[in-house]
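Okay, so here's the structure we're looking at.
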């Protein structure tokens, strides 16, 4: 992984702007504490991106606040984590954001998918997978994704290499027209290719952050 250097710490959006101006566009990513701008989260993110359009913003929150996560992502943030995330997950999330990946914790992804659907999806049609050209491996990783498993956990469960898991996810994403992991999960729910594990959304332990590629 590429090493990172802390450019500065700010208590307000104005202070953050000042740091970015003095660093002459050297700042590539910002970690934004949503608890500090809870009432103005969307406006703050949009203002920052208007000033620095190439900046990547990873947001944090002290609790599982789905509304706040949706607000941040819609405003242009590249990711959302709770402050309970492990240090390694946080570092990985930073690198994923720099690689232009969307970073969302597994339990938040499941909650977002459930909200988007507003219902339990219909059961899997015998022809659904074939209709979209999905093979058995791609269907399997979709079900593991719905359970909140990361790529390494999928590889262990399926007895395949990590590279194979990434290839299966990439193949499923292409066939289902999904841009990222969140969209892939929602699409799988819509088509009945995976079942939401909604009981785990609020009670599951922290799941390592993972990205699609």
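Read-outs throughout are calculated quantities, based only on the coordinates presented, and are distinct from any laboratory measurement. The shown structure was predicted, so the numbers you read here are calculated from the model rather than taken from an experiment. In this analysis, Cβ positions are derived from the backbone assuming ideal geometry, glycine residues included, and neighbour counts consider all displayed protein chains.
In table form, for the structure just shown:
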quantity: Label-to-label distance, nm, for residues given as residue 175 and residue 128 (7 Å Cα→Cβ offset); calculated: 1.3 nm
quantity: Highest average packing first - 85-97, 143-155, Cβ atoms within 10 Å; calculated: 143-155, 85-97
quantity: Nitroxide proxy distance, nm - points 7 Å out along Cα→Cβ at residue 39 and residue 3; calculated: 4.3 nm
quantity: Computed label-point distance, nm, for sites residue 51 and residue 21 using a 7 Å Cα→Cβ extension; calculated: 0.8 nm
quantity: Cubic angstrom per residue, convex hull over Cα atoms of segment 13-104; calculated: 89 Å³
quantity: Residues 128, 59 arranged by fewest to most Cβ contacts within 10 Å; calculated: 128, 59
quantity: Burial order of peptide ranges 181-187, 66-72, 46-52, 31-37 (average beta-carbon count within 10 Å, highest first); calculated: 181-187, 66-72, 31-37, 46-52
quantity: Ranked 38, 110, criterion: other C-beta atoms within 10 Å, fewest first; calculated: 38, 110
